[in-house]
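One structure is given below, encoded as structure tokens.
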Amino acid sequence: REFCTAEEVRHCNVGTIGHIDHGKTTLTAAITKVLEKEGLAKFISYDEIDRAPEEKARGITINATHVEYSTKLRHYAHTDCPGHADYIKNMISGASQMDGAVIVVAADDGPMPQTREHLLLAKQVGVEKVVVFINKADVVNEDVIELVEIEMRELLSGFGFDGVETPVVVGSALLALKGDSSPLGEQSIKSLLNALDEHIPKPTRDTKSPFLLPVDNAFTVPGRGTVVTGTLTRGILRKNAEGELLGFDEHIKTSVADVQIFKKSVSKAVAGDNLGALLRGVRITSVQKGMLFCESKSVSISNHFIANVYFLSRSEGGRSKPIMSRYIQQLFSKTWNIPCRIDLMEGNEMIMPGENVCVYLTLLKKMVMLPGQSFTIRENNVTVGTGIISEVKS
Ligand code: GDP
Ligand code: MG
């Protein structure tokens, strides 16, 4: 494999997920150890990683360690959390948005409850690709490993990942950390890194999907009309494109009379561009910050969603009392907020602060919320919950 030029080295966010004691922290340390030999990382010991500092993300306390390393192709920021609760909070709050994850499973245990829970959560928060590391291969025989691989592939398919194409690497993080150069030792770490380079997509700007522009602001240009501004999250916005403004129950069909970047007219803007779009036949009074301007029929607005929500514990500044169905508070997402009702799913009578659950959301007005979009729930301006959309209901 050839060396890339500096410009081509891409940054990628990854993390270890999986059941407690399956070897996530050992693996994280082993990766830095193996790469240090090639001058591509600074070795971080197991103890340094496990002594994760406290972080505050949206008012929640999360313990997480961020480790950095490079392969010949990419630069990685890697997150490892000490406890199960930290993984849940880290993923739901979007504290470190992962482009991909390493799901660690111990060969002697096979998939366990937190293996499933982390995979489910990864899917819900929009992690599209994972790589499996079957760890502790030093303590079992090959038949067992084959069985674990079959189980993992079935599990991946069941959660909507590609159970066939997902790379499965077999090794021993502990042997690698001890400097063992056998196939199960350092070699397995190198295979894992190759799998990450190849299977986790480059975080590129999505210019292929239908355009999507969250409206940050709107103003009137006398004699011309209404301009909406924002950063194009995906797609290409061309002059004369047809589209619709969605949100707050509104559904306004319009088209683009002009696209401007840095106050200059351009024929098109691409994902990542900060732009202004002059819209035909739209009155300024009908536009609100928080609306979405998008290609016609590419996304839908709804009052109803399914989401995964973590309610902060009392010590994190959350509620002291449990949450019951028909709980109504203000929901905040991106640049807007709106009253929202939370209903528990069948079989859940209440949620205690400090717990995470799947719930139904009902918004007072129809909005666009896409799977993976995060939000917070606040009571009297204090964050009591943080969540992520998993499904849009019509
Ligand atoms: P985590 O909770 O997933 O972060 O797991 P740790 O990395 O803390 O590992 C849990 C235990 O498994 C520790 O005692 C490790 O030394 C041990 N362990 C980790 N990797 C291996 C391995 O490849 N082989 C063996 N035999 N033990 C391992
Ligand atoms: Mg750990």
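The values are calculated or read from the model by the stated rules, or taken from the named source; none is laboratory data. Only a predicted model underlies this, so the values are computations on that prediction, with no experimental measurement involved. No Cβ is skipped: glycine too gets one built from the backbone with ideal geometry, and neighbour counts run over all protein chains shown.
Answer yes if at least one residue in the range 39-61 is more than 13 Å from ligand 1 (Cβ to nearest atom), among the hydroxyl-bearing types (S, T, Y) and farther than 30 Å from G318 by Cα, and no otherwise.
no
Yes or no, residue by residue, for (1) over 27 Å from V382 (Cβ atoms); (2) touching a Cys at 6+ places or on another chain (Cβ under 7 Å); (3) at pLDDT below 90:
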{"site": "F262", "(1), (2), (3)": "yes, no, yes"}
{"site": "A269", "(1), (2), (3)": "yes, no, no"}
{"site": "L278", "(1), (2), (3)": "yes, no, no"}
{"site": "T285", "(1), (2), (3)": "yes, no, no"}
{"site": "L292", "(1), (2), (3)": "yes, no, no"}
{"site": "E295", "(1), (2), (3)": "yes, no, no"}
{"site": "F311", "(1), (2), (3)": "no, no, no"}
{"site": "M352", "(1), (2), (3)": "no, no, no"}
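Considering only the range 334-376, state which residues are farther than 14 Å from I306 by Cβ and β-branched (V, I, T).
Selection gives T335, I338, I351, V368, T376.
So which residues in the range 177-231 are of a type in the set (D, E, K, R), within 16 Å of ligand 1 (Cβ to nearest atom) and over 27 Å from the mean Cα position of the chain (by Cα), if there are any at all?
Going through the range 177-231, the residues of a type in the set (D, E, K, R) turn out to be 178, 180, 186, 190, 197-198, 202, 205-206, 208, 216, 224.
Still in the running and within 16 Å of ligand 1 (Cβ to nearest atom): 178, 180, 186, 190.
The answer is K178, D180, E186.
Pairs under 6 Å by beta carbon, first residue more than 21 Å from T26 (Cβ to Cβ) in the range 134-147, partner within 16 Å of ligand 2 (Cβ to nearest atom) and assigned to a helix (DSSP H, G or I), six or more apart or different chains?
If the second residue must be within 16 Å of ligand 2 (Cβ to nearest atom) and assigned to a helix (DSSP H, G or I), no pairs are left.
Go through (1) farther than 30 Å from G318 by Cβ; (2) under 25 Å from the mean Cα position of the chain (by Cα); (3) surrounded by fewer than 16 Cβ atoms within 10 Å (Cβ to Cβ) and name the single condition D108 misses.
Looking at each condition in turn, D108 falls short on (2).
Tell me whether the range 304-318 contains one or more residues that are basic (K, R), in contact (Cβ under 8 Å) with a residue 40 or more places away in the chain and buried (at least 16 other Cβ atoms within 10 Å of the Cβ).
no
Say whether the condition of being farther than 27 Å from K334 by Cα, within 16 Å of ligand 1 (Cβ to nearest atom) and assigned to a loop (DSSP other than H, G, I, E, B) is met by at least one residue in the range 28-38.
no
Taking the range 143-181 only, how many residues are modelled with pLDDT under 95 and in a helix (DSSP H, G or I)?
The number of residues fulfilling the criteria is 1.
Name every residue in the range 117-126 that is part of a helix (DSSP H, G or I) and either more than 15 Å from ligand 1 (Cβ to nearest atom) or without any contact (Cβ under 8 Å) to a residue 40 or more places away in the chain (or both), in order of residue number.
E117, L120, L121, A122, K123, Q124
Looking at the range 45-114, what strands (runs of 3 or more DSSP E) fall wholly within it and have at least 2 residues that are in contact with a His (Cβ under 8 Å, 6 or more places away or on another chain)?
Those strands (runs of 3 or more DSSP E) span 65-70, 74-80, 100-106.
Go through the range 17-46 residue by residue and tally those that are within 11 Å of ligand 2 (Cβ to nearest atom), over 22 Å from the mean Cα position of the chain (by Cα) and not polar (S, T, N, Q).
Residues meeting the conditions: 5.
For the structure I just gave you, tell me whether I88 is within 11 Å of ligand 1 (Cβ to nearest atom), in contact (Cβ under 8 Å) with a residue 12 or more places away in the chain and hydrophobic (A, V, I, L, M, F, W, C).
Spelling it out, it is not the case that I88 is within 11 Å of ligand 1 (Cβ to nearest atom), in contact (Cβ under 8 Å) with a residue 12 or more places away in the chain and hydrophobic (A, V, I, L, M, F, W, C).
Scan the range 74-85 for residues that are of a type in the set (A, V, I, L, M, F, W, C), surrounded by fewer than 24 Cβ atoms within 10 Å (Cβ to Cβ) and within 16 Å of ligand 1 (Cβ to nearest atom) and jot them down.
Of everything in the range 74-85, just one residue is of a type in the set (A, V, I, L, M, F, W, C), surrounded by fewer than 24 Cβ atoms within 10 Å (Cβ to Cβ) and within 16 Å of ligand 1 (Cβ to nearest atom), namely A85.
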